[in-house]
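Dropping the structure in here first, questions after.
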Amino acid sequence: MNKFTKNDIYKQIAELIAESRKQVRTAVNTTMVITYWNIGKIIVEDELKGEKRAEYGKETLRHLSEKLTAEFGEGYDERNLRYMRQFFIFFPIRNAVSSKSPLPNSVSTELSWTHYRHLLKVEDEKARQWYMKEAISENWSTRALERQINSFYYERLLSGRNKKPVIEEAKENTRNLESDDILKDPYVLEFAGLKNRKEFTETELETALLDNLAQFLLELGSGFSFVARQKHIDMDGEHFYIDLVFYNYKLKCFVLIDLKRGKLTHQDVGQMDSYVRIFEEKFRSEDDNPTIGLILCSEKNETIAKYSVLADGKKLFASKYKLYLPTEEQLEKLMVKEEMALYGDK
């Protein structure tokens with residue numbers, strides 16, 4: 001007969017308490033989301049009855065804030081009440097719901113109130129819906145969601161090679177994805193901490209990315225897992241080293257990444273082409289899809305991209321990386337510039 005030690009008993013009880021606290025947090029979060037949406041609903045509906053809506057609404061919020069804070073404590077200041085009001089406006093009742101249902105179909109209790117606070121900062125409705133669905137399907141933390149919104153993740157995907165799957169991916173995560181659906185341009189690597197460094201080596205960039213691997217995986221996008229750094233390949237006495245190797249479980253293939261400072265060259269493309277061919281022969285299994293090679297460079301050369309194997313758009317890609325978050329205006333100019341370079345002024 002097995003005897004339980006004191007540590008075994010402690011472990012069982014600790015696990016039970018941890019699970020119960022998790023369930024409590026989930027229940028509290030669900031209740032909070034439901035409550036705040038319905039508070040917003042009451043405020044908006046009451047506001048619409050007033051003749052001078054702006055003045056009436058402002059006075060109502062101040063009055064509500066004072067009374068609710070006095071009775072229920074923090075969480076009901078004017079700013080938070082405005083968020084609740086906006087919550088109801090941004091996530092309205094789109095379809096008929098049961099009279100017993102406390103929420104519309106547009107709101108999910110899988111996300112916390114903090115998630116929704118970040119989503120309320122996204123003015124474009126399509127982008128907001130996309131971020132919400134991605135946050136649910138990818139189980140993004142509130143910090144992950146905030147970073148993706150602040151780095152214009154949706155906008156950069158939308159400006160990429162294939163725009164349509166950006167929206168579809170959030171709706172249909174089980175479909176067969178193509179590499180264009182996953183790879184982005186540009187990648188924003190501000191977390192590497194090299195923004196103020198005038199000079200740094202490719203090795204230092206590589207080290208900075210791996211030192212911040214969780215954030216780098218988040219920036220890479222859906223389905224990436226780290227495999228190797230400086231992957232060594234010996235071909236008849238010749239030694240090759242691939243900077244970074246990842247596997248994407250959505251694409252079901254290896255993704256090789258080569259880091260380059262400066263402008264993209266023919267040599268860079270040829271080198272990556274060789275890496276992909278060698279990797280295909282030595283490491284790809286029968287269950288894997290064809291290996292992808294991605295050259296991350298600080299400056300792209302569209303002429304080389306157009307008149308090299310990169311133009312085939314099958315296995316090799318080149319994307320630009322930036323060491324800081326661009327402003328919305330800079331991003332828009334970048335998108336226009338790269339579209340004109342790729343497709344001409346049509």
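The values are calculated or read from the model by the stated rules, or taken from the named source; none is laboratory data. Every value quoted in this text rests on a predicted model; they were computed, and no experiment measured them. Cβ coordinates were reconstructed from backbone atoms using ideal geometry, including for glycine residues, and neighbour counts include every protein chain displayed.
Can you go through 243, 288 and tell me which one is out of contact with any Cys (no Cβ under 7 Å at 6 or more places or on another chain) and of a type in the set (Asp, Glu)? Let's see the steps before the verdict.
Numbers: 288 fails: out of contact with any Cys (no Cβ under 7 Å at 6 or more places or on another chain).
Testing whether each residue is out of contact with any Cys (no Cβ under 7 Å at 6 or more places or on another chain) and of a type in the set (Asp, Glu) leaves just 243.
With (1) among the hydroxyl-bearing types (Ser, Thr, Tyr); (2) modelled with pLDDT of 60 or more; (3) crowded, with 18+ Cβ neighbours inside 10 Å as the list, and residue 241 as the residue in question, which single condition is left unmet?
(3)
I need every pair where a residue in the stretch 244-258 that is in the same structural domain as residue 280 (by TED's automatic domain parsing) has its Cβ under 6 Å from the Cβ of a residue that is surrounded by fewer than 20 Cβ atoms within 10 Å (Cβ to Cβ) and small (Gly, Ala, Ser), sequence separation at least 6 or different chains.
Note: pairs meeting the criteria are 245/228; 247/225; 248/223; 249/223; 250/222; 250/223.
Between a first residue in the stretch 117-137 that is under 20 Å from residue 34 (Cβ atoms) and a second residue that is modelled with pLDDT under 90 and hydroxyl-bearing (Ser, Thr, Tyr), which pairs have beta carbons less than 7 Å apart while being 6 or more apart in sequence or on different chains?
Pairs found: 118/142; 136/108.
Residue by residue through the stretch 105-127, note down the ones that are assigned to a loop (DSSP other than H, G, I, E, B) and either out of contact with any Ser or Thr (no Cβ under 6 Å at 6 or more places or on another chain) or within 21 Å of residue 222 (Cβ to Cβ) (or both). Give the steps one after another, and end with the answer.
At the first step, the residues of the stretch 105-127 found to be assigned to a loop (DSSP other than H, G, I, E, B) are 105-112, 120-124.
Correct list: 105, 106, 107, 108, 110, 111, 112, 120, 121, 122, 123, 124.
Turning to a different aspect of this structure: Being under 21 Å from residue 135 (Cα atoms), of a type in the set (A, V, I, L, M, F, W, C) and without any contact (Cβ under 8 Å) to a residue 60 or more places away in the chain is the filter here; which residues of the stretch 201-225 pass it?
Of the residues in the stretch 201-225, the ones under 21 Å from residue 135 (Cα atoms) are 212-225.
Going one step further and asking which of them are of a type in the set (A, V, I, L, M, F, W, C), we end up with 213-214, 216-218, 220, 224.
Across the stretch 201-225, the qualifying residues are 213, 214, 216, 217, 220, 224.
Here is a check on your reading of the model: is residue 47 in the same structural domain as residue 81 (by TED's automatic domain parsing) and at pLDDT below 70? Outline the logic, then answer.
On the way: in the same structural domain as residue 81 (by TED's automatic domain parsing): yes; at pLDDT below 70: no.
Judged against the criteria, residue 47 is not a match.
Scan the stretch 188-206 for residues that are crowded, with 20+ Cβ neighbours inside 10 Å and either in contact with a Ser or Thr (Cβ under 8 Å, 6 or more places away or on another chain) or farther than 25 Å from residue 148 by Cβ (or both) and jot them down.
188
What do you reckon, is residue 83 at pLDDT below 85 and surrounded by 14 or more Cβ atoms within 10 Å (Cβ to Cβ)?
Numbers: at pLDDT below 85: no; surrounded by 14 or more Cβ atoms within 10 Å (Cβ to Cβ): yes.
When the stated conditions are applied, residue 83 does not pass them.
Among the residues in the stretch 128-149, are any among the charged types (D, E, K, R), modelled with pLDDT under 80 and assigned to a loop (DSSP other than H, G, I, E, B)? Steps first, answer last, please.
First, the residues of the stretch 128-149 that are among the charged types (D, E, K, R): 128, 133-134, 138, 143, 146-147.
So of that shortlist, the ones also modelled with pLDDT under 80 come out as none.
Looking for residues that are among the charged types (D, E, K, R), modelled with pLDDT under 80 and assigned to a loop (DSSP other than H, G, I, E, B), one finds none in the stretch 128-149, hence no.
May I pose another question? Can you pull out every residue in the stretch 150-193 that is assigned to a helix (DSSP H, G or I) and at pLDDT below 65? Please lay out each step first, then the result.
Let us first name the residues in the stretch 150-193 that are assigned to a helix (DSSP H, G or I), namely 150, 153-158, 164-171, 179-182, 190-192.
Matches in the stretch 150-193: 164, 165, 166, 167, 168, 169, 170, 171, 181.
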